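Visitor: For reference, the structure I am asking about is given below.
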Amino acid sequence: MLPATALALAVLAALLAWPVPAALSRARWPRRDPVAALVCWQAVGLAGGLSIIGALLVHGLAPWGDSLPEAWWHWVTRHPAEQPVRGDHWVAQTLAAVLAAELLGVLVLSWVRTTRTRRRHRELLELVVRPGAATSPAADSLLLEHPAPVAFCIPGARPLLVLSSGMVAELDDAQLRAVVAHERAHLRERHHLLLLPFVAWRAALPVLPAADRAHDAVRDLVEMRADDVALASLTGPDPRRTLAAAIVAAVGGPGGTVPAGALAVTGGAVAVRVRRLLAPAEPLSRAGRGGALCGATALLLLPTLLLLLPALV
Amino acid sequence: MASLGELERAVMERLWAADGPVSAPELRDRLADRGLALTTVHTVLSRLEQKGFVVHDEARPRRFAPRATREEHAAELMSEVLGQAADRQAVLARFVGSVGDDEVRMLRALLAGADQDGAGTR
């Protein structure tokens with residue numbers, strides 16, 4: 001029973017480490033339904049970690065019992081192993097522990113580091129920004145004196161929304177409202193929390209191309225989601241065009257561009273955003289969305305069941 | 001009672017306005033309209049030192065000076081915001097990232113041509 005479980009989990013882990021993320025990042029439906037796609041990515045990340053650590057644990061603890069919960073209990077209570085314990089069992093146990101510690105440790109570390117950087121940015125902003133400099137369409141935002149058209153928000157317990165004077169000069173009121181609505185959507189839906197695990201695991205697993213892919217896809221999807229939320233709150237004749245014009249003005253202003261070659265990181269993501277605003281595709285059908293969400297659920301259930309089911313039958 | 005953040009800003013304003021390093025009692029006098037106790041001024045100064053905004057010399061009494069101008073701090077912040085640090089988007093959500101000149105031209109063309117042809121393939 002146990003070796004088959006370990007093998008199945010290992011196969012699942014391999015699928016989630018390469019073909020599944022590759023297919024999901026190539027697929028075109030996510031830009032029609034960023035929410036469903038974000039759910040899928042979170043499921044891929046969680047199921048991937050669960051299955052690889054699970055596979056190692058199941059194999060490493062095999063001598064102690066027929067199912068993982070049972071073997072785990074015997075191992076924790078220092079029961080003698082039922083079968084001879086070979087070197088590869090110890091290796092698998094150690095790898096499982098190291099991997100689990102690394103994934104969780106890097107997650108905590110990223111969280112601490114981003115929190116610290118945010119605090120530093122907040123301190124600098126409070127120092128640099130003159131109070132009472134807010135502008136009409138974005139009454140509660142801070143105005144930063146700088147010619148580059150920049151807007152950003154700093155999430156956290158005390159979120160801040162910042163517009164540069166270059167941004168205010170470059171955009172009209174309707175466009176500014178669109179920008180503010182977009183940033184506010186990030187804050188309200190806590191997009192930084194969706195992105196954080198992928199930032200952490202890309203740092204933890206630099207050899208895994210899927211970690212890169214997943215990070216970039218999630219980063220782009222939260223932007224699309226924020227665009228969608230912003231559109232819903234905008235009034236005016238053509239909010240889609242307003243938001244698209246705001247994006248183009250923001251990248252085209254002074255200081256908005258970087259020398260070619262220095263980027264390639266965001267290459268194309270902005271264009272995708274502008275295209276889906278100007279020429280919106282049909283939103284995903286209910287069946288399509290249901291399918292994506294079922295797939296995500298199945299992805300999470302599969303390793304969980306593989307780990308727990310042998311104990312129940 | 002003014003908030004500490006607001007006091008910090010007021011102290012920085014005075015330090016930036018001063019010709020050179022200023023001692024804490026001098027600073028209290030310059031903030032006379034607020035009626036601050038000297039200990040409060042010291043508290044604010046040490047907080048600002050912790051944050052790296054203020055430095056002091058070894059004269060007696062100590063004199064305090066800003067580490068950088070307001071513009072330099074603004075530039076420091078902007079270089080991080082505009083930078084390409086790997087986890088930048090996790091730290092702060094920027095409206096759009098930086099793109100190359102070619103892409104800006106392409107995006108402008110896209111926006112201008114949106115009325116005739118919108119079917120974006122890839």
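The values are calculated or read from the model by the stated rules, or taken from the named source; none is laboratory data. Keep in mind that this is a model prediction, so the values were computed, not measured. Counting neighbours? That spans all protein chains shown, and the Cβs are built from the backbone with ideal geometry, glycine included. The area values use the complete protein model at the heavy-atom level, side chains included, leaving out ligands, DNA and RNA. Shrake-Rupley method; radii C 1.70, N 1.55, O 1.52, S 1.80 Å.
Visitor: In segment A:272-295, which residues are within 20 Å of the chain's Cα centre (by Cα) and free of Cβ contacts under 8 Å to residues at least 24 places away in the same chain?
Guide: Scanning segment A:272-295 gives a single hit, A:CYS294.
Visitor: Here is a follow-up. Which residues, counting only those in segment A:241-270, are at pLDDT 90 or above and surrounded by fewer than 19 Cβ atoms within 10 Å (Cβ to Cβ)?
Guide: A:ARG241
Visitor: Would you point out the residue of segment A:180-207, among those that are open to solvent by less than 50 Å² (accessible area, probe 1.4 Å) and β-branched (Val, Ile, Thr), that is nearest to B:PHE95 (Cα to Cα)?
Guide: Looking at residues that are open to solvent by less than 50 Å² (accessible area, probe 1.4 Å) and β-branched (Val, Ile, Thr), I get A:VAL180.
Visitor: Given the structure, is A:ALA151 over 24 Å from A:LEU312 (Cβ atoms), open to solvent by less than 20 Å² (accessible area, probe 1.4 Å), out of contact with any Pro (no Cβ under 9 Å at 6 or more places or on another chain) and of a type in the set (Gly, Ala, Ser)? Lay out the reasoning, then the answer.
Guide: On the way: over 24 Å from A:LEU312 (Cβ atoms): yes; open to solvent by less than 20 Å² (accessible area, probe 1.4 Å): yes; out of contact with any Pro (no Cβ under 9 Å at 6 or more places or on another chain): yes; of a type in the set (Gly, Ala, Ser): yes.
So A:ALA151 fits the description; yes.
Visitor: Suppose we filter segment B:63-79 for residues that are touching a strand residue (DSSP E or B) at 6+ places or on another chain (Cβ under 7 Å) and at pLDDT below 90; how many remain?
Guide: 1
Visitor: Still on this structure, I have one more. Any idea which of (1) out of contact with any Gly (no Cβ under 8 Å at 6 or more places or on another chain); (2) in contact (Cβ under 8 Å) with a residue 24 or more places away in the chain is the one A:VAL76 doesn't satisfy?
Guide: (2)
Visitor: Scan segment B:1-18 for residues that are assigned to a loop (DSSP other than H, G, I, E, B) and at pLDDT below 90 and jot them down.
Guide: B:MET1, B:ALA2, B:SER3
Visitor: Follow-up question, since we're still on this one. Might you check whether a residue that is more than 14 Å from every other protein chain (Cβ to nearest Cβ) and either open to solvent by 50 Å² or more (accessible area, probe 1.4 Å) or assigned to a loop (DSSP other than H, G, I, E, B) (or both) occurs anywhere in segment B:48-56?
Guide: For segment B:48-56, residues more than 14 Å from every other protein chain (Cβ to nearest Cβ) and either open to solvent by 50 Å² or more (accessible area, probe 1.4 Å) or assigned to a loop (DSSP other than H, G, I, E, B) (or both): present.
Visitor: For segment A:163-182, state whether one or more residues are in contact with a helix residue (DSSP H, G or I) (Cβ under 6 Å, 6 or more places away or on another chain), in a helix (DSSP H, G or I) and among the charged types (D, E, K, R).
Guide: There is at least one residue in segment A:163-182 that is in contact with a helix residue (DSSP H, G or I) (Cβ under 6 Å, 6 or more places away or on another chain), in a helix (DSSP H, G or I) and among the charged types (D, E, K, R).
Visitor: Hey, can you tell me all the residues within segment A:144-170 that are more than 27 Å from the chain's Cα centre (by Cα) and at the interface with another protein chain (Cβ under 7 Å from one of its Cβ atoms)?
Guide: Correct list: A:LEU144, A:GLU145, A:HIS146, A:ALA148.
Visitor: Quick test of your reading of the structure: A:ALA92 fulfils all but one of (1) over 24 Å from A:LEU299 (Cβ atoms); (2) without any contact (Cβ under 8 Å) to a residue 60 or more places away in the chain; (3) small (Gly, Ala, Ser). Name the failing condition by number.
Guide: Checking A:ALA92 against (1) over 24 Å from A:LEU299 (Cβ atoms); (2) without any contact (Cβ under 8 Å) to a residue 60 or more places away in the chain; (3) small (Gly, Ala, Ser), the one that fails is (1).
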